[in-house]
Each structure stands twice: as structure tokens, then as C-alpha cells.
């Protein structure tokens, strides 16, 4: 973020502006680009009124103290709240979503305890980047449009989960079982699915550049218009996987087993299929297809 | 509600005993209020200023009706102010002047469920009213005892709970066609349901914040076997569904409302405030979709974004095919796919349908059994439809519970409860998504307005944000519409797609002459094929029953096919037969052979379609023919419409015969 004279120079200046001129604070906050996250970490906001926070502007409030603040709940949900103190806050809506976010940040035991007494609500746009979700039971939890970059899901129970339009860049799903998980339009750049088992997952329009899906299994998954350069699908296994109209240049399928995979109208420029069994693959209309070194290429539909 | 004396009505104001017309409303209201606090006899006496009897007109309020009428009954057309249907007095004889009540337009007719029955303590059957009689006892009951059940009292609850084990299905099967006494008991249960579900809805409304549940519309015929589908309106109908289901159970019922009395409540789906008013497209009226915004007044996914619009249409089509799969066996499904896609070029589409079907099936199985995926490994059985597989899972769970006596009802509840819980969960996501899209649209509209201003116009950031919002709204609407369809699939017996809902409700039920895209018409065809198969399977004992129940879907599928431009052959046959079944036979009319009801339905199907005999084999032929019509329609669409013309408008939807 550039300081143009109107913008506070650092986070302490932001806090000072809020204390002295709240209208000026919110006006300036609105001018921060909607793709940036405003750093307001480790500050003491206790007792202040944050309810005028502009929509679509993400703040990192990790480690900050919001005790007794007035807040706009739908905005606060989109802020990063790791170790944020939320005691006695007053909201314009019920605080269930915030309690759930706090439970997610509290670790596996805290989450289990919270979940045993609460039904998870649907979180939209939460900022949970970097969260450690190892071993969590996330059955039927919905975190659509959220930020989960770098999150660690290893060992978690991932059944019926909603991750539509969620940012999962660099997240770890290696070795996980993902059953009926909705990853429609999710950002999966550099995401690790090595050895994962994906069953009946939806991945339409997901972006998987640089993702690692080596030795992963895809069973009944639908990933139409999947995109991404350099996805590694070596030794992966596919049953009834729909990847029509995918754009997957430089993807690696070496040693993969493509038992009924639909890759029609896809861009496979530079893709490698060395040692892959493509007997059940449908490549009709695919661009840049090179099946050199593939097994049963004669049986594939091209 | 109006009060008027019989004499006034009979003698056109010549009676000196009649209330003066100019004074009548205020006096009547005062008297009614006073009478409401009295017993029936005293109330009537108060309201009778002369020896002439006073006719109590229609009353929608249950408590007032209970205090007013000795034996209340439901008149489905009578109006109390603007209500459609109200409680009236059962005592006047059939079609007597006193038995006729004015509807909202002022037309008077006798549409009471029970006629010519006054309260008579001598005929009250204590054991019946306590629910102590068995189903067989009720079948041998003298009708005069059943007539004495007050539908606004406690007896219907006792009977439904004790005699019929809280199962509407059991009650229906043990009463309809099983003697006058039994049918009268069912009539009283039907009347009980009429007010009781409304009471739960009012409690639901009271629990929610103002506006979250503003009103509701209940659809269902007056036949004893009909269900009631309640479409909720308001700003948080998604929450209202869950509250209704919970409050119903808290009313001391063991099962879901769908099991106890066949009432299902639905959140706002594709039919919203602006749908019926419609908007103009290419000089034609189309049903407005959710998400109208600056530059996109028709709502929905913008046709100016061809990829998103095509994806949206494909999502909708896939849901219609998932519904078809649910009501086909694996073998029938394979035959269907082979018929539509002889060249095998659409494997990806079928794989997507099967993935979603498996997702739905496994989600419900997991919800029913509360077990892990590993336990759900059993494959579909070749001779069973998808819904039969689910029923089997639900039944198995009931069998496994040694404490359950009524396995059938418990099995039914297992499946409906699982559907309801998943539906409620999915609705939460739908509500959040809806709120998110609406906020995006509000912000987008504001930015567009800002851009139009001469002073303080768009900043570069605002312009970038508007462009991003435009794209995001389209994508979110595509996701929302997909989610609405998915939610509808988990609810019981609702259309899944925009096209099928608007065709049936806006076009054929409301008679609003809209146009639909050819893709939407195909979706309506597919859904109605599935509904035909569902009803034909449910009522598979003979062709007459199957046709009687499936007739409206036969009509709708053929009508939708005609709207997209298909005609001749089987479509004409289905249209002619379906139209007569839905409008003549279901309306109480007769076949050319002079028969009514299912027998009349069989006459029409036999005559027009050549199907016989009137037994399960005949039903199998009817189902086969329906699947074949579905195949023909899809093949016709691929050949004559395709992706290039899928958004073209078809011909006018009209409920008039054409």
C-alpha cells in the first residue's frame, strides 16, 4: 500500500486515526485496494467503534484486543482473527460466526469441544490463512469464499465440506481423504494433494497451477474448466473424472491410470503422459496432445 | 368475515327484523366479539335479534370458529376478509342457502367438507375420540359417530396418534375407500391438518424476527389423499424451514410433519417477488429471475457472459437428469442414456450426472445411518430405482431398531428426517450466499450510480471494483442457482429447476403467458418425465391409478416439449391425454365412456395410448412409453436446438388447450 499523504503510514497511525477521526479512518480504509489486507495486528482497539468498517476490505487483526468494541459482524468475519481478543464485543448481528472462527483458531481440542455443543454455521469469506486444521473433524463445515492459504488439513475429516471459491494456495491435503467436498472455483495454486483420495468432489473452474497431486486418486470427481499450469498428476488414478474444457498446459501425468477420464476440448499443450495408461481417456478435441510413451494410446478417444 | 341474517338474505332487505344495512358492520363486529366469548347456543341467541335463525358466515380464526360453531367444517373457497378458505357451520344441508358462503369475489357456493351435520352429544363415540379404536374398528364405524368429531378439538390428535400411529399414510390407506365412517374420520383429520399446520406456521412466524417469515402460500387440493406444500415468503425463509420442523416436533409429535400429515415447507426458491410480474426480453414476457441489477433487469446469469450462461444452463440440465436417475433403475438409466446418446459422445455429461446422484444418495445414506463412507460401499441394485435404494436403507435402519414397532412409519420418517436435516443445512449455505450476492448487487448498483454522476464520478479503484463485482455477481449467481436446485432436491417433492418451476407455476397454474428459453423448456420436460415415473411407480397397482396421479405431469411434459418447438407423434398423444387427465378427470369430469376418477383415467389412457391391461403390467408399459418420450424430446432438442439456440425463446406458455 502506498502512502499518498492521506493514508496513515503504519498500523499505529491507523489506530491513532481511528481514535481521533473515525470517519477519516473508515474513509481511508475504503481507499485500500480490495485485494490487499490491511495490517492491524497486535493493536489495542478495546472499547472503540469499528462498526463503520467498509465492506470488502480485509483487515488482519491477529493478536489485537477488541474487548468491548462495537463491530460490523459481517465485516469482522472476513478479518484475520488469530489470537484476537473478542471479549464483550457488541455486534449488529448474532456472534455465532465469530465464535466458530475463534473455535477454529483454538486448536483441535478446542474445536472438538466447541463442535460437541454447537452446530457449525456457514462461514463466508473468513480469513483463516495459515491455520492448522490437522486432525479436525470438518464434516459438513462450509468455509466458502474464505482465505485458507497455507492451511494444513492433514489428518482432518473432510466429508461434505464446502470450499466454494475458497483460496487454498499452498494448503496441505497430502494423504487426506476428501469426500463430497465442493471446491468449485477454488484457488488451489501450489496446493499439495499428494496421495490424497478425492471422491465425488466438485472442482469446476478451480485453479491448480503448480499443484502437486502425485499418486492422488480421483473417483467420480467433476472438474470442468479446471485450469493451471504445471500440475503434477504423476501416478494419479482416475475413475469417472470429468475434466472437460480444462486448461492444463505443462501438466504431468506420467505413470497415471486414466480409467474413464473426460478431457475433451482441453488444452494439454506440453503435457506429459509417459508410462500413463490412457485406455479409458477421452481426449477428443484436446489441443496440444502428445501421448508419446503412454500405454494403450490406441484405445484412447482422440 | 361478515354476519348477516338469513331473513335479510332471503327477503332482500324487506324484513324489519334484519339489521339495518348501514349499521350492520359495526353492530355485527361487536356482537361477534361478544358471542366469541360464549358457548355456541348463547352466542347464537345473542346474534339472533329475531326468531329468524342467524347464519354465521366464514371465520378464519380457529379460536373464534371453535367458540362459534357447534360443528365447524372447512369451506375451501369461503372468504373471511381476504382469506382463501375458512371455517363455517357444518349444520346447514348440502347446497342449502345457509350452506353457501361467499368467496373473495363474492360468489356464493357450498364448498364445505362436511354438510348437514350438527353437534349431537348422543352420537359422540368416546372410544373413537380417545383414539382407542383400531383401524378395523374405524372401518366398521357408523358415519354418524365420525361426523361428531370436532376438527378443532382434541379428538383428531388422539385418533391420529393412537389409531394411526402418527402416520398420514396409514390413515389414508385405512380409511379412503373403506366405508363412509372411515372416510368421514379421514375428512376430520384432513380438517384438523388444515388448521394445525397453520398454527405451527404462526408460531414459527412469532419466533422469527419481523419480516423473516412474512407470509406463506399452501398448495394442495381438497381431496383426502392430497399433500400440502407450503411455500414460505419473507427475508429468511431458510431459517423458517428449520424452525417449523423443530416446532412441529416440539408439539409432541414423534415424526416429521411430512410423515404425520404430509405437510412439507419450502424456503424461497426460484419463485420470488418479481417472478410473476415478469420482464420483457426480445419483445416477450419472461419470468424475472433473482439477481436483477443495473443493466441486467431480467436477473439471473447474464447472457452477455456466454460461458457463465452456458454453465448455468448445463447445471440446470444436470439436475433434471439427476432427478430422472433417481426414479430409474440402473438398467433403465443405461437404456435412457443409450437412447439419448447413441454415439456415446456425451460421456462427460452422464459421468457428471452420476457423480451428483451418488453424492446425493451417499449424503442421505450417511445422514440416515450416521455411519462412515466405508459402510456405504454397497452398490446400487440393478432392479431398484435410486429412491428404492434409499427407502431400503431407511427401512434397514428401522429394522435394526428393536424398540420400533411400526417399522414402516419409522422407515418413512428415517428418510424424510434425513432429507429435512440435509435440506436445513444446505439452506443455511443458500441464505448466506443469497445475502452475499445481494450485498454485492447493492454495492455494484451504487458504484454504477456513482459512475453516472458528473461530480465526484468513478475513481479508478471504484471502476476496477465495479468490473470485478460484475464478474463475481455472475459467478455467484451461477453458484446460487445451482445451490437452489440442490436444496430443492433434498426437500420433498419440489421442482428443482427454474425452467420447470416457472413453467408449472407461473405458466400453467397462474395462467400468466410467459415465454421460456428452449433450454428451460427441456428442463421442464425432463423434470416432468421424472415426476411421471415417480407417480407411476408409487401408484403402480393399475394404469388408472397411475394415470390419475401422473396425468398433470404428462400434460406438463408435453406442453413444455411443444413450447420448445417439438410436435407430432407421442408428444401430441401425451398432450391430449395429459390435458384431459389433469383438467377433466382430476376436476371430477368423466371419460367418453362415462367413468370418473382412476377408472376414467384408464379409459383415456387406453383409448389414446393403446395401453392395457389395467394392472401393473400396463403401468410398466406406461412407464416405458414415458421414458421413450423423454428420450425423443432430448434427441429432438440436440438436433434442433443445441447449444447454439438454447437461450432462444420458445412459444407462449399457456394453460389453454393448444
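The values are calculated or read from the model by the stated rules, or taken from the named source; none is laboratory data. Bear in mind the structure is a predicted one, so any value in this text is a computation, not a measurement. For neighbour counting, all protein chains shown are included, and Cβ atoms are generated from backbone atoms with ideal geometry for every residue, glycine included.
Only one of B:204, B:222, B:237 is surrounded by fewer than 22 Cβ atoms within 10 Å (Cβ to Cβ) and under 21 Å from the mean Cα position of the chain (by Cα); which?
On the way: B:204 fails: surrounded by fewer than 22 Cβ atoms within 10 Å (Cβ to Cβ); B:237 fails: surrounded by fewer than 22 Cβ atoms within 10 Å (Cβ to Cβ).
B:222 is the lone residue from the list that is surrounded by fewer than 22 Cβ atoms within 10 Å (Cβ to Cβ) and under 21 Å from the mean Cα position of the chain (by Cα).
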- Note on the structure: Subset of segment A:225-251, residues within 15 Å of residue A:277 (Cα to Cα), away from every other protein chain (no Cβ under 14 Å) and crowded, with 23+ Cβ neighbours inside 10 Å, comes to A:233, A:236
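Quick one: in segment A:14-24, of everything that is free of Cβ contacts under 8 Å to residues at least 12 places away in the same chain and in contact with a helix residue (DSSP H, G or I) (Cβ under 7 Å, 6 or more places away or on another chain), which residue is farthest from residue A:40 (Cα to Cα)? Talk me through it step by step, then tell me what you get.
Applying the first criterion (free of Cβ contacts under 8 Å to residues at least 12 places away in the same chain) to segment A:14-24 yields A:16-17, A:20-21, A:24.
Still in the running and in contact with a helix residue (DSSP H, G or I) (Cβ under 7 Å, 6 or more places away or on another chain): A:17, A:24.
Details: A:17: 12, A:24: 16 Å.
The residue in question is A:24.
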- Query: When segment B:221-239 is examined, which residues are found to be touching a residue at least 60 places away in the same chain (Cβ under 8 Å) and more than 16 Å from residue B:168 (Cβ to Cβ)?
  - Reply: B:236, B:238, B:239
- Message: Can you tell me which of (1) assigned to a helix (DSSP H, G or I); (2) under 21 Å from residue B:513 (Cα atoms); (3) modelled with pLDDT under 95 is the one residue B:656 doesn't meet?
- Response: (1)
- Restricted to segment B:276-292, and to residues that are surrounded by fewer than 22 Cβ atoms within 10 Å (Cβ to Cβ) and in contact with a helix residue (DSSP H, G or I) (Cβ under 7 Å, 6 or more places away or on another chain), which residue is modelled with the lowest pLDDT? B:276
- Item | Only one of A:272, A:260 that is away from every other protein chain (no Cβ under 12 Å) and either on the phi < 0 side of the Ramachandran plot or surrounded by fewer than 24 Cβ atoms within 10 Å (Cβ to Cβ) (or both) | A:272
- Filter result (surrounded by 24 or more Cβ atoms within 10 Å (Cβ to Cβ) and closer than 23 Å to residue B:478 by Cβ) within segment B:325-346: B:325
- Among the residues of segment A:185-203, write down those that are surrounded by fewer than 24 Cβ atoms within 10 Å (Cβ to Cβ) and within 11 Å of chain B (Cβ to nearest Cβ). A:185, A:197, A:199
- Going through segment A:55-95 in order, the residues found to be surrounded by fewer than 16 Cβ atoms within 10 Å (Cβ to Cβ) and within 14 Å of chain B (Cβ to nearest Cβ) are A:55, A:92, A:93, A:94
- Kindly check whether there is at least one residue in segment A:210-223 that is within 15 Å of the chain's Cα centre (by Cα), within 23 Å of residue B:429 (Cβ to Cβ), more than 14 Å from chain B (Cβ to nearest Cβ) and crowded, with 24+ Cβ neighbours inside 10 Å. no
- Residue match in segment A:149-158 (condition: assigned to a strand (DSSP E or B), at pLDDT below 95 and within 14 Å of chain B (Cβ to nearest Cβ)): no
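Answer with yes or no whether residue A:151 is crowded, with 17+ Cβ neighbours inside 10 Å and within 16 Å of the chain's Cα centre (by Cα). Give the steps one after another, and end with the answer.
Working: crowded, with 17+ Cβ neighbours inside 10 Å: yes; within 16 Å of the chain's Cα centre (by Cα): yes.
So residue A:151 fits the description; yes.
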- Task: Examine segment A:111-134 for a residue that is more than 13 Å from chain B (Cβ to nearest Cβ), without any contact (Cβ under 8 Å) to a residue 40 or more places away in the chain and in contact with a helix residue (DSSP H, G or I) (Cβ under 6 Å, 6 or more places away or on another chain), and state whether such a residue exists.
- Result: yes
- In segment B:409-425, is there at least one residue being at the interface with another protein chain (Cβ under 10 Å from one of its Cβ atoms), in a helix (DSSP H, G or I) and touching a residue at least 60 places away in the same chain (Cβ under 8 Å)? yes
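Residue by residue through segment A:109-127, note down the ones that are crowded, with 16+ Cβ neighbours inside 10 Å and farther than 18 Å from residue B:432 by Cα. Quick ask: steps written out before the conclusion?
As a first pass, look at segment A:109-127 and keep what is crowded, with 16+ Cβ neighbours inside 10 Å: A:111, A:114-115, A:120-127.
Residues satisfying the conditions are A:111, A:114, A:115.
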- Where residue A:137 falls short, out of the listed (1) surrounded by fewer than 23 Cβ atoms within 10 Å (Cβ to Cβ); (2) more than 14 Å from every other protein chain (Cβ to nearest Cβ); (3) touching a residue at least 12 places away in the same chain (Cβ under 8 Å): (2)
- Message: Every residue in segment A:161-180 that is without any contact (Cβ under 8 Å) to a residue 24 or more places away in the chain, facing chain B (nearest Cβ under 10 Å) and crowded, with 22+ Cβ neighbours inside 10 Å, please.
- Response: A:164, A:165, A:179, A:180
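Taking the conditions exactly as written (at pLDDT below 90 and within 12 Å of chain A (Cβ to nearest Cβ)), does residue B:447 satisfy them or not?
Here the answer is yes, as residue B:447 does meet what is asked.
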